[in-house]
Amino acid sequence: MKLVKISSLVLVFLLAFSCKEKTASTGETVSEEVKTGGDIKTEEVSYGINGVTHRSFAAYNADLKGPLPVVFVLPEWWGLNDYVKGRTKQLAGLGYYAVAVDYYGEGKVVETPEEAQKLSSHFYKIRVDAKRIFDAVKNKVIITENADHTKMAIIGYCFGGAQALNMGRLSGDFKGVVSFHGNLKTGIRAKNSKVKYLVLNGAADTFVPKEEISAFKKEMDSAKINYKFVDYPNALHAFTNPDATAVGKKFNIPIAYNKEADQKSWHEMKAFLAEVLK
């Protein structure tokens, strides 16, 4: 993959929206702590929006009978790459019908931070488009025979974490929302007290400042939202991504993989999903 050289100031701005990972890996770069189990099947969930075909990626355990609880996986700003597909398969191995959402269309994976920032920032600025994209895949999934639309949750990473929080803020269709090292200040205030939130944050993440955390907690408390906020000591931005350390060194930016935080946050998510989707 060829990456352009950009200034550290630009990188700080870009990383405020998302986190960096290898976008063209030959394998699935995910935590080794959880292995997929059973006969994992994958399928495309496609739908057209404004003349563009979006190709979301679904996975489920074919050994399990009957409709399965649904977990939507919202990717980092790089699009529908191997990393998010690997996470989706992991969730399938846990017994869920998991769906990685294609925001950009045609299963697009971007190559440069500039392109990623350009495409992802559109959904921060025009939030109705983010909801339109998400609702389109949700409407396809709820009529899928392998999916139990009465039990749905969302998880997301970085850009996807912020989008997951917003979808929970905007809709009561979900039992729970999980954000991994995502931005918290997204321009939408929570009003729906039916949705439970789990926010998994790196305590040393300079891209999610303390003021943003305080404002988020105040928002949740004032709306009487059921939420849990977890800070992982010494964890920097992108702590669940095994590629983050190398990328941080390459660009001299404060991001790094943290195995302990990755594993603990995955366990938190597992327990949370098991509870809200039971």
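The values are calculated or read from the model by the stated rules, or taken from the named source; none is laboratory data. Since this is a predicted model, take the numbers as computed values, not measurements. Quick reminder, even Gly has a Cβ in these numbers, built from the backbone with ideal geometry, and neighbours come from all protein chains shown.
In the set Val84, Val71, which member is among the aliphatic types (A, V, I, L, M), under 14 Å from the mean Cα position of the chain (by Cα), surrounded by 24 or more Cβ atoms within 10 Å (Cβ to Cβ) and at pLDDT 95 or above?
Exactly one of Val84, Val71 is among the aliphatic types (A, V, I, L, M), under 14 Å from the mean Cα position of the chain (by Cα), surrounded by 24 or more Cβ atoms within 10 Å (Cβ to Cβ) and at pLDDT 95 or above, namely Val71.
Yes/no matrix, rows are residues, columns are (1) over 22 Å from Tyr97 (Cα atoms); (2) surrounded by fewer than 18 Cβ atoms within 10 Å (Cβ to Cβ); (3) without any contact (Cβ under 8 Å) to a residue 24 or more places away in the chain:
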position: Tyr197; (1), (2), (3): no, no, no
position: Phe207; (1), (2), (3): yes, no, no
position: Ile213; (1), (2), (3): yes, no, no
position: Phe229; (1), (2), (3): yes, yes, no
position: Glu260; (1), (2), (3): yes, yes, no
position: Ser265; (1), (2), (3): no, no, no
position: Phe272; (1), (2), (3): no, no, no
position: Val276; (1), (2), (3): no, no, no
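Collect the residues in the stretch 234-278 that are under 22 Å from Lys175 (Cα atoms), of a type in the set (Lys, Arg), part of a helix (DSSP H, G or I) and out of contact with any strand residue (DSSP E or B) (no Cβ under 7 Å at 6 or more places or on another chain), keeping them in residue-number order.
Listed by number, the list holds a single entry, Lys270.
Results for (1) of a type in the set (S, T, N, Q); (2) at pLDDT below 95, shown as yes or no for each residue.
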site: Thr144; (1), (2): yes, yes
site: Ala162; (1), (2): no, yes
site: Gly172; (1), (2): no, yes
site: Val178; (1), (2): no, no
site: Lys185; (1), (2): no, yes
site: Leu200; (1), (2): no, no
site: Phe207; (1), (2): no, yes
site: Lys218; (1), (2): no, yes
site: Tyr227; (1), (2): no, no
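Here's a check for you: in the stretch 162-221, which residue that is in contact with a helix residue (DSSP H, G or I) (Cβ under 7 Å, 6 or more places away or on another chain) and aromatic (Phe, Trp, Tyr) is farthest from Lys278 (Cα to Cα)?
So the residue we want is Phe207.
Among the residues of the stretch 231-255 satisfying the criterion of being on the phi > 0 side of the Ramachandran plot and more than 16 Å from the chain's Cα centre (by Cα), which is surrounded by the most Cβ atoms within 10 Å (Cβ to Cβ)?
Of everything passing the filter in the stretch 231-255, Asn234 is surrounded by the most Cβ atoms within 10 Å (Cβ to Cβ).
How do the pairs read when you match residues in the stretch 112-131 that are part of a helix (DSSP H, G or I) with residues anywhere that are of a type in the set (D, E, K, R), using Cβ under 9 Å and keeping only pairs 6 or more apart or on different chains?
Qualifying pairs under 9 Å: Pro113/Lys20; Ala116/Lys20; Ala116/Glu76; Leu119/Lys108; Ser120/Glu76; His122/Asp129; Phe123/Asp129.
Check off (1) on the phi > 0 side of the Ramachandran plot; (2) modelled with pLDDT of 95 or more for Cys158 and give me the number that stays unchecked.
(2)
Quick one: count up the residues across the stretch 143-175 that are closer than 16 Å to Ala58 by Cβ, in contact (Cβ under 8 Å) with a residue 24 or more places away in the chain and more than 15 Å from the chain's Cα centre (by Cα).
Matching residues across the stretch 143-175 total 7.
Looking only at residues that are buried (at least 24 other Cβ atoms within 10 Å of the Cβ), within 16 Å of the chain's Cα centre (by Cα) and free of Cβ contacts under 8 Å to residues at least 60 places away in the same chain in the stretch 176-195, which one is farthest from Ala116 (Cα to Cα)?
Val177
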